[in-house]
Amino acid sequence: MSYLVLARKYRPKNFTELVGQPHVVQALTNALTQQRLHHAYLFTGTRGVGKTTVSRILAKSLNCEIGITALPCGVCDNCMAIDMGRFVDYTELDAASNRGVEEVQNLIEQAVYKPVTGRFKVFMIDEVHMLSNHAFNAILKTLEEPPEYLKFVLATTDPQKVPVTVLSRCLQFNLRPMAPETILEHLEHVLGLENILAQKSALFSLARAARGSMRDALSLTDQAIAYTGADIKDQEVRQMLGSVDKDHVYGLIDALARGDGQEVIQICDQLRDQGLSASQALEDISYVLQRMAVFQFSNSKPSEATEIDPDVARTQALSERMPKDETQLLYSICLKGRSEIGLAPDEYAGLTMILLRLLAFKEVDNGETAHPQDHAQSGQEAQKKTLESLKPTSKAPGLAPGQVQAQAQAQAQAQASTATPPWLVEPSSMEQHSSAQNASLNAEQPPVHKRGDADLAEPVQKSNRVLDPSSEVQVGSGFNLPVRDMAQRPKPSLSAPIQASPSEGDFDEPYVPERVADVDRWAEDQDQGIPAGTAFNRLAMEPAQIVNEPPSGALHVVVRQASQNADIGTLEPKEQFKTKLKPTQEGDYWLSVVQQLIQAELVQSLARELALQSQMIAKEAGSWLLRIERESLKTVSSVERLTKGLAQLGHVLELRFELAPVQDSPAMRLAQIAFENQQIAEAKILNDPFVIQMMQEFDAKIIAGSIKII
């Protein structure tokens, strides 16, 4: 007798032998026991999960000689004929090869005849989704109202392609893919009956490779027996499956955790030399990463090796070395890389690039990764060194001390600009650059003459305004940072006066904006009777003009008025905020509390948004009243988290909410501060002599919205 493969030899003969589908077994067992039998059944699921097996067991249960039972005897003539495929009243139709309307009509013609030897006729149509539309239409009427002795059993791996008219006429059961542990247990049972020795880790590798299909697992076991002989070992099974050696997998993850790109490349070259699949390597790495993530978020972390996973200690050690976020990132990169590896010019070149992708996002401690603040810091250090080298002690003859200092500042700024691009400089540094250039122009150039009606010239001298650099840092930087970083910044003050040198001549001076106070400046302007928008109207400047050029070739210009520049439009902030923002004392207190919450990271996501968008109306003992505009902000979880965060700050109380328009929220205040500083930054750029010169000489324009605070 020829050899019978394990998948056919050990096909379940009754429901008690069926593995991995308890929900289907229970439903059919109860239906057979209570005699509540449907006329049509539809079994869906991936390949090798037992659809055809369940259909044959159901046919035996309906036609067993002992009666309708959930436990067919398996030894009567009817049961044995069904097992051998010779039962005349059980018909199997493969719809993949018989999908036409003619085959279905021939099947329906047999339905008019009663069973020959059995109790029921059972028509089993496998891969029913392959039938044509005409074939489905031909079977619909019989499927809806069959004779009492006829039962339909349909099976498919793609139920989405089955018409809904067929689905509605059937009792549908979804056979699920089996877990590797379930497949492992059944393989041990089968190999025990075959008297074949096998390592548990080897069988677990076979179970994982089967991907939920018991038939695939038994077929792989047949292949493993033929490959290894009578003893199935893990190393040989991995070679048969083309899996990557575990040492290589753990070596790659360890190198990625240490940021050693050279070792990653070397291991990838070793895998190339061994001819292993790059996609399989990514799959094995993904499995280890998944185990690492489980250890990272699990309270119980077993460190003892088991028969299924002998490398559990190595996995746990790697999970402790690699941060959680890097584990998740590398897992996502590996999953995405499996779909991208076919697009690479070379399979292992694609594998190398996929693994090195993590190192591109990994922080490097040796200073290889440069940041904008590093460029700015290096530029400031260069400027400081240049200023020290050009102190007044070594001044050039014929220059006043102030001229030497101005010249030194200009040279220092020119040297620093080589290391620091203008778009990476803090607004404070830009202001110092502007002041240094103005000072150098005044120190070196002769008086400028203005053309009159009679071509009479009078000397004119442009004035300089010097700002306190420490106050400029507070005004011009940091408003593009997260709110929790803004909470740490000191509030700007108007205590430091602005020093200005006397002005001569008829020309308007470039305006240097004053520092911004907190959001209560609107209230201060209204109290002093200042018209609306005056604070920002002061930013207006005169149109750019070219003054009579002196013999030295220097060029004196004044700033173009922003409102008259076609490329930069001014926005009246007072009009933007006057309809909503009305500062209150409760708002001051609530802003400070919210900043403390965010700085301490006591609120996140929805709770943080609730705190930023709400307005404090009343503050009573044990109860605060907040006002919100959207009911969706006040979820149960966000209110609980906000209350818990306040309690950690020492505010143990109850939060009450009312739904009304908000006029003073932390979000509105922070938005106004950011808007004011944006206006100041734009004014500084428009006042910069270098920018003015570029606009005049090259007819350059500033693109609206391109000026950002860094």
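For the stretch 1-79, what are Rg and Dmax over the alpha carbons, in angstrom?
13.1, 42
Hey, can you grab everything whose amide H is under 5 Å from the amide H of L93? Only 5+ residues off in sequence or another chain; H modelled, so Pro and N-termini drop out.
Under 5 Å from the amide H of L93: M124, I125, D126.
Treating only the Cβ atoms of Lys and Arg (+1) and Asp and Glu (-1) as charged, compute the dipole magnitude of the stretch 97-201 about its Cα centre; round to the nearest 20 debye.
In debye, rounded to 20, the stretch 97-201 gives about 280.
What order do Y90, Y10, Y3 take when sorted by accessible area (1.4 Å probe), most exposed first?
From most exposed to least exposed: Y3, Y10, Y90.
Sorted by accessible area with a 1.4 angstrom probe, largest first, how do M80, M292 fall?
So the residues, ranked largest to smallest area, are M80, M292.
Just by accessible area at a 1.4 angstrom probe, what is the order of L197, L343 from largest to smallest?
Largest accessible area first, the residues go L343, L197.
Rounded to the nearest 10 Å², what accessible area does R169 show when all protein chains are kept and the probe is 1.4 Å?
Rounded to the nearest 10, that gives 50 Å².
To the nearest Å, what is the center-to-center distance of the stretch 672-706 and the stretch 313-335, using C-alpha atoms only?
47
May I ask for the net charge around E658, where only other residues with Cβ less than 15 Å from the Cβ of E658 are counted and Lys, Arg are +1 while Asp, Glu are -1? Spell out each step's value before the answer.
On the way: positive: K619, R627, R630, K634, R656; negative: E586, E620, E629, E631, E654, D664.
Surrounding charge for E658 is -1.
Is the C-alpha gyration tensor of the stretch 93-193 telling us rounded, prolate or oblate? Criteria: a/c under 1.5 is rounded; beyond that, a/b larger than b/c is prolate, otherwise oblate.
Prolate is the answer for the stretch 93-193, as a/c is 1.5 or above and a/b outweighs b/c.
Counting only protein heavy atoms and a 1.4 Å probe, tell me what percentage of the stretch 131-284's accessible area is made up of carbon and sulfur.
Answer for the stretch 131-284 is 46 percent, counting heavy atoms of protein chains only.
Taking the alpha carbon gyration tensor of the stretch 579-710, what are the square roots of 5 times its eigenvalues, largest first, to the nearest whole Å?
On the way: eigenvalues 327, 42, 34 Å².
Square roots of five times the eigenvalues give 40, 14, 13 Å.
Enumerate the amide H contacts of I196 below 5 Å, restricted to partners 5 or more residues apart or on another chain; note that Pro and chain-start residues carry no placed amide H.
none
Cα convex hull of the stretch 309-355: how many Å³ per residue?
Values: hull volume 4.3 nm³, N = 47.
Cα convex hull per residue, to the nearest whole number: 92 Å³.
Once Lys and Arg get +1 and Asp and Glu get -1 on their Cβ, which of W624, I702, Q679 lies farthest toward the positive end of the dipole of the stretch 604-710?
The one lying farthest along the dipole's positive direction is W624.
Given the whole protein assembly as supplied and a 1.4 Å probe, what does the accessible area of M84 come to in Å², nearest 10?
110
Hey, could you get me the Stokes-Einstein D for the stretch 136-182, Kirkwood radius over alpha-carbon pairs, 25 °C and 0.890 mPa s, rounded to whole µm² s⁻¹? Spell out each step's value before the answer.
Details: Rh = 12.7 Å.
Once the numbers are plugged in, D ends up at 193 µm²/s.
Just round it to a whole percent: the fraction of Cα-Cα distances in the stretch 161-248 exceeding 23 Å.
Working: 1265 of 3828 pairs.
For the stretch 161-248, the fraction of Cα-Cα distances above 23 Å is 33 percent.
S201: accessible area at probe 1.4 Å, nearest 10 Å²?
In the full protein context, S201 sits at about 10 Å².
Taking the Cα centroid of the stretch 89-106 and of the stretch 265-279, what is the distance between the two, rounded to the nearest whole Å?
Each part reduced to its Cα centre gives a spacing of 49 Å.
The values are calculated or read from the model by the stated rules, or taken from the named source; none is laboratory data. Just so it is clear, the structure is predicted and the values come from calculations on it, not from any experiment. A quick note on method: Cβ atoms are made from the backbone with ideal geometry, for glycine too, and the neighbour counts reach across all protein chains shown. In case anyone asks, the SASA skips ligands and DNA or RNA and just uses the protein heavy atoms, side chains included. Shrake-Rupley method; radii C 1.70, N 1.55, O 1.52, S 1.80 Å.
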